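The values are calculated or read from the model by the stated rules, or taken from the named source; none is laboratory data. Nothing here was measured: the structure is a model prediction, and the numbers come from that model. Cβ placement follows ideal geometry from the backbone for every residue including glycine, while neighbour counts extend to all protein chains displayed. Only protein heavy atoms, including side chains, enter the accessible area calculation; ligands, DNA and RNA are left aside. Shrake-Rupley method; radii C 1.70, N 1.55, O 1.52, S 1.80 Å.
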Number of protein chains: 2
Amino acid sequence: MRHVISVLVENEFGVLSRISGLFSGRGFNIESLCVAETLDPDVSKMTIVTRGSDEIVEQITKQLRKLITVIKVTDFTGTDYIDRELILVKVKANDDTRSEVLSITDIFRAKVVDVSPTAYTIELTGDQNKISAILELFKPIGVVEIVSSGTIAIARSDKSAKK
Amino acid sequence: MRHVISVLVENEFGVLSRISGLFSGRGFNIESLCVAETLDPDVSKMTIVTRGSDEIVEQITKQLRKLITVIKVTDFTGTDYIDRELILVKVKANDDTRSEVLSITDIFRAKVVDVSPTAYTIELTGDQNKISAILELFKPIGVVEIVSSGTIAIARSDKSAKK
């Protein structure tokens with residue numbers, strides 16, 4: 001099962017290597033990981049995506065909570081959350097394919113961010129399904145290069161009208 | 001100096017912890033890091049942002065190239081590249097501030113992805129300057145939560161007309 005885990009950590013040397021070591025030590029592959037500073041430059045937020053049994057992921061989150069540099073751990077599994085991923089993808093574009101690349105880009109509300117005589121670079125944000133769908137369409141045209149941010153996630157707000 | 005480094009790696013247990021260890025071992029803080037699978041599920045691409053002297057960053061990239069799981073290392077510093085970051089930011093929104101939040105969102109071509117009686121969640125993609133600018137405007141209104149992907153980068157295409 002896919003788990004999206006958010007970890008708030010103090011910015012200290014080696015915290016990333018310690019946390020990723022917890023996963024690899026248990027033979028767990030990290031599908032994607034993002035870490036970046038928050039508004040407080042002493043604190044960073046990580047989003048980790050992994051696949052595995054609920055029991056083992058629970059063990060890992062327990063271990064994470066024990067690390068003194070870890071402030072908060074949230075496993076989004078089973079909760080109501082929004083996840084997004086950002087990709088930059090360079091697609092072959094010649095006289096035959098250019099209009100097709102542009103029309104796919106339009107349909108997905110993606111954005112052309114760079115143009116050359118032989119390629120377009122496209123920026124797209126979406127959930128995993130949307131990203132996979134556009135890549136499936138670009139693949140037969142020719143994907144030259146791709147870079148992905150991996151998944152980030154945030155809890156949905158409480159919809160009840162408390163003020 | 002800010003360095004944006006892209007590392008193509010084979011997906012093996014512990015590769016992330018080994019690479020982040022190279023940075024922390026030299027007392028180098030990682031400002032942001034993204035790692036996600038490429039079209040080839042056996043290969044992942046990392047984008048690492050760090051600040052430090054060119055000499056030390058060069059030493060680190062040399063060390064990275066020596067790791068057998070590392071396929072390719074690119075330091076974008078001084079080259080022509082596109083960098084982007086994705087954020088999800090939850091901003092307080094009440095009757096007094098709601099229209100201001102929406103107009104800022106419009107100006108930055110950002111997107112409201114979730115609404116509650118007390119908050120809007122906004123999705124925005126851009127370079128570091130654009131992200132900082134919108135956050136400066138949201139801060140006085142009240143930022144409840146923020147999650148960032150960190151920077152990803154891709155080389156600009158050669159603009160010369162080779163076919």
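Results, tabulated for the structure shown:
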read-out: Odd one out for B:GLN128 among (1) within 18 Å of the chain's Cα centre (by Cα); (2) modelled with pLDDT of 95 or more; value: (2)
read-out: Qualifying positions in region B:38-69 - in contact with a helix residue (DSSP H, G or I) (Cβ under 8 Å, 6 or more places away or on another chain) and part of a helix (DSSP H, G or I); value: B:ILE60, B:GLN63, B:LEU64
read-out: Hey, B:THR97 touching a residue at least 60 places away in the same chain (Cβ under 8 Å) and of a type in the set (S, T, N, Q) or not; value: no
read-out: Selection count where residues are in contact (Cβ under 8 Å) with a residue 40 or more places away in the chain and open to solvent by 40 Å² or more (accessible area, probe 1.4 Å), scope region A:52-66; value: 3
read-out: Filtered residue count, region A:20-30, keeping only those that are more than 7 Å from chain B (Cβ to nearest Cβ) and either among the basic types (Lys, Arg) or open to solvent by less than 30 Å² (accessible area, probe 1.4 Å) (or both); value: 3
read-out: Matching option when the condition is out of contact with any Gly (no Cβ under 6 Å at 6 or more places or on another chain), more than 8 Å from chain B (Cβ to nearest Cβ) and acidic (Asp, Glu), among A:ASP158, A:ASP106; value: A:ASP106
read-out: Set B:VAL112, B:VAL147, B:VAL143: member being at the interface with chain A (Cβ under 7 Å from one of its Cβ atoms), within 22 Å of the chain's Cα centre (by Cα), at pLDDT 95 or above and open to solvent by 30 Å² or more (accessible area, probe 1.4 Å); value: B:VAL143
read-out: Residue under evaluation B:ARG98, criteria (1) of a type in the set (Lys, Arg); (2) within 22 Å of the chain's Cα centre (by Cα); (3) farther than 30 Å from A:SER132 by Cβ, criterion not met; value: (2)
read-out: Hits in region B:116-126 - residues which are open to solvent by 10 Å² or more (accessible area, probe 1.4 Å), in contact (Cβ under 8 Å) with a residue 12 or more places away in the chain and not hydroxyl-bearing (Ser, Thr, Tyr); value: B:GLU123
read-out: Selection count, region B:67-92, where residues are closer than 30 Å to B:LEU124 by Cα, open to solvent by less than 80 Å² (accessible area, probe 1.4 Å) and not hydrophobic (A, V, I, L, M, F, W, C); value: 9
read-out: Of the criteria (1) assigned to a loop (DSSP other than H, G, I, E, B); (2) away from chain B (no Cβ under 13 Å); (3) open to solvent by 50 Å² or more (accessible area, probe 1.4 Å); (4) within 26 Å of B:TYR120 (Cα to Cα), which one A:ASN129 fails; value: (1)
read-out: Residue identified as of a type in the set (Ser, Thr, Tyr) and over 21 Å from B:GLY150 (Cβ atoms) among B:SER44, B:SER53; value: B:SER53
read-out: Members of region A:6-19 found to be outside any loop (DSSP other than H, G, I, E, B), at the interface with another protein chain (Cβ under 9 Å from one of its Cβ atoms) and either under 15 Å from B:ILE146 (Cβ atoms) or open to solvent by 40 Å² or more (accessible area, probe 1.4 Å) (or both), listed by number; value: A:SER6, A:ARG18
read-out: Any hit, region B:108-122, residues being among the β-branched types (Val, Ile, Thr), assigned to a strand (DSSP E or B) and within 24 Å of A:PRO41 (Cα to Cα); value: yes
read-out: Total residues in region A:6-64, condition over 15 Å from the mean Cα position of the chain (by Cα) and among the basic types (Lys, Arg); value: 3
read-out: Matching residues in region A:31-42 - criterion: being open to solvent by 30 Å² or more (accessible area, probe 1.4 Å) and free of Cβ contacts under 8 Å to residues at least 24 places away in the same chain; value: A:LEU39, A:ASP40
